[in-house]
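Report on one structure; see the data block that follows.
The values are calculated or read from the model by the stated rules, or taken from the named source; none is laboratory data. These figures come from a predicted structure and were not determined experimentally. Here the Cβ is made from the backbone with ideal geometry for all residues, glycine too, and neighbour counts use every protein chain on show. Each accessible area value is taken on the protein alone, full model and side chains, heavy atoms only, with ligands, DNA and RNA left out. Shrake-Rupley method; radii C 1.70, N 1.55, O 1.52, S 1.80 Å.
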There are 2 protein chains.
Amino acid sequence: MATPANSADEGARPTLAQVAARAGVSASTASLAFSGAGPVAEETKQRVLAAARELDYGGPDPRARSLRTGRSGIIAVVMEDRIRDAFRDPMVVTMLDGIADEIGAAGYSLLLLTDSLERQQGGLRDAPMDAALLLGCSTDLDPAVAVLSRRQVPLIGVEAQAREGMHLVDVENRAGMRAGAQHLHDLGHRRVGILTLPMDRPHTRGALTADWETSSVAYTGRERLAGVRDVFPDAPAVVAAGSLPEEGALAARTLLDAHPDLTAIVGQSDLIALGAIQAAEERGMTVPRDLSVLGFDGARIDGLTDRRLTTIVQPSVEKGRTAARMALAALAGEPVTSVVFPVELRLGDTTAAPRG
Amino acid sequence: MATPANSADEGARPTLAQVAARAGVSASTASLAFSGAGPVAEETKQRVLAAARELDYGGPDPRARSLRTGRSGIIAVVMEDRIRDAFRDPMVVTMLDGIADEIGAAGYSLLLLTDSLERQQGGLRDAPMDAALLLGCSTDLDPAVAVLSRRQVPLIGVEAQAREGMHLVDVENRAGMRAGAQHLHDLGHRRVGILTLPMDRPHTRGALTADWETSSVAYTGRERLAGVRDVFPDAPAVVAAGSLPEEGALAARTLLDAHPDLTAIVGQSDLIALGAIQAAEERGMTVPRDLSVLGFDGARIDGLTDRRLTTIVQPSVEKGRTAARMALAALAGEPVTSVVFPVELRLGDTTAAPRG
DNA sequence: CTGAAAGCGCTTACAG
DNA sequence: CTGAAAGCGCTTACAG
């Protein structure tokens, strides 16, 4: 006993037991004083808190608590992409904001994960979590879903293929795109091209072939594609490598090179559509006079452009909030119902009747 | 025993002990088979893995492991702002990307936290974490630092006031801004205004008074301010409510209304500077002919503008990587040294000699 | 209102 | 190479 009896060893975190001992109460009582989960005399409670202060005790260790209670207080958000790419998508960011809001209010914290399983340790396989939200547009969630279901983590998929045991938050991707395409058709367009979201995991760029289309497991991209195809069955499509303006521009160049006679382009996201506008203007076309451009998302893209994009508006914050609430409900043992959010065509200044 | 002996109870996660029993080995051996932390005969290992598959065992429970090992595998990133606002800042996003890369490679996951301590439970106080990175520009980290030090979590501050027990990653905010201001001075500017980052927690907008300046604890903003003041001691400043173009524009309007004779504006971030350009153009000024504008960050702001902003470039990804590596080093018990990154003036097309 | 006891599911010395 | 034992730091019935 070289150290004074009334001070914790240097560097060693004090424990609840030490606090209890110092306060002259049992561990159970000390625990109750912190959690408030049971009746403790106010005076006793103050004694415990004082002892904690004296020992510089930072509160019950979350690791021990979580083993005991079976809860970690963590909800994971699983994304496909590199964080950097994901965060450049306003839809992801607003959704995340809705999620953080909702789970934060419930006392949970947000763990950011990618669905990569390459590494042996860490990530999906090992991170503590009480529930997981699998986020949008992922091209192949199956391995991640397998790992997490085995861990018995409640799963909420946002815009994901339906899967056994996974609750879903979806938006009317197909119907929304159909409405947008119909709007173009009503304006008189007949030669319409499509710029799609990534269709495979490596995010390959290029013209979408029939084979590629059939083999793709990219949920959102396929749904939105189907919506356009409901109106323009043979519309040519080029795949963008991401929901980014520069990718949209790249894909639009490919599309316009191959199909210079297009009078309208449908982008599967607003950022992609924005890139298409850039590409069109580069080659001297005026939007919407020479080319109509339609987006999807209704993103708030301040500073990006002064155009009002004609687009399909989806409630991204609400999507995030709902996904989070579904996770919380699942954790509370309440029944969880999958949800499909409606979308809405919003007319801007980027679509018009074709020339001539 | 109503359930078959060879199946786990419905809904109950199997444990390592059950797997071990089924494989006919001890729990210790089964643990080793999963962790690889000790020698296990290949055949034994396969038997354990087979048993795990049969019981649909998802691997050792992270909660128990983390109590036992004292590690949670989680590194927290603490931000001041709402997630939504933080993510709109390219500096935050790129830094986060560097952080995620580095800690992911080391098998750690990233927990996103705000430094709010309003709620009684959850967040900083209760979330499991092995280390925490406190992220930039925060106006008042003290309460968060207090809570986390008591928990004995190793702390890395990025652009934060030096504090007992916290390692620091900083950039040459003051020297960088001084160089930028000197550049303006060399061009002949004498009437220069400043648009600052938030100076208090509520993110109050408005002209920066001497009192306000003195009482502010916003580290980054104060440093950058000092840099400009080194060259232009009396430059008037207006505080923006965030590092966003619209906030920059708002602040610039206030600044230009009060000081219509300014020939140059220094924004404390690129996004703020961008807003200043917008505001200037709104009132018919041409940049840089009628007004020079200088930024800070060297952010990649694709799509936002086709201007090449004159700015102070800082290595944001590297900042994130370094902060992450420092956390990992601290966890490994290695010595940690604080770092200050140099910055560099990059000339663009938004600064020029004043007219006349 | 308080305390004694059990146990959450692992991993890690240690002995063999 | 394998097993028996201890214990990480809590919380929660339960008894008083």
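In this structure, residue B:64 qualifies as under 18 Å from residue A:129 (Cα atoms) and either more than 9 Å from chain A (Cβ to nearest Cβ) or part of a helix (DSSP H, G or I) (or both). Contact map, segment B:101-116: residues that are more than 8 Å from every other protein chain (Cβ to nearest Cβ) paired with residues that are assigned to a strand (DSSP E or B), Cβ distance under 8 Å, separation 6+ or inter-chain. Pairs shown: B:103/B:75; B:103/B:109; B:103/B:110; B:115/B:78; B:115/B:79; B:115/B:134. Checking each residue in segment B:92-123 for being within 28 Å of residue A:115 (Cα to Cα), of a type in the set (Asp, Glu) and assigned to a loop (DSSP other than H, G, I, E, B) picks out only B:115. Can you tell me which residues in segment B:32-60 are in contact with a helix residue (DSSP H, G or I) (Cβ under 8 Å, 6 or more places away or on another chain), more than 8 Å from DNA strand D (Cβ to nearest atom) and of a type outside the set (A, V, I, L, M, F, W, C)? Selection gives B:47, B:54, B:56, B:57, B:58, B:59, B:60. Exactly one residue out of B:170, B:200 is assigned to a loop (DSSP other than H, G, I, E, B), open to solvent by 10 Å² or more (accessible area, probe 1.4 Å), more than 14 Å from chain A (Cβ to nearest Cβ) and charged (D, E, K, R), and it is B:200.
Taking the listed residues B:231, B:238, the one that is open to solvent by less than 10 Å² (accessible area, probe 1.4 Å) and touching a residue at least 40 places away in the same chain (Cβ under 8 Å) is B:238, with no other qualifying.
Looking only at segment B:56-72, which residues are within 11 Å of DNA strand C (Cβ to nearest atom) and surrounded by 13 or more Cβ atoms within 10 Å (Cβ to Cβ)? Residues satisfying the conditions are B:57, B:58, B:59, B:60, B:61, B:62, B:63, B:64, B:65, B:66, B:67, B:71.
Just one of the numbered conditions (1) part of a helix (DSSP H, G or I); (2) facing another protein chain (nearest Cβ under 10 Å); (3) at pLDDT 95 or above is not true of residue A:76: (1). Filtering segment B:124-142 to residues that are touching a strand residue (DSSP E or B) at 6+ places or on another chain (Cβ under 9 Å), open to solvent by 10 Å² or more (accessible area, probe 1.4 Å) and in a helix (DSSP H, G or I) leaves nothing. Taking segment A:32-55 on its own, how many of its residues are more than 14 Å from chain B (Cβ to nearest Cβ), open to solvent by 50 Å² or more (accessible area, probe 1.4 Å) and either touching a His at 6+ places or on another chain (Cβ under 6 Å) or more than 8 Å from DNA strand C (Cβ to nearest atom) (or both)? Final tally of qualifying residues: 2. Inside segment B:244-276, can you point out the residues that are within 14 Å of chain A (Cβ to nearest Cβ), free of Cβ contacts under 8 Å to residues at least 60 places away in the same chain and of a type in the set (Asp, Glu)? Hits for segment B:244-276 are B:246, B:247.
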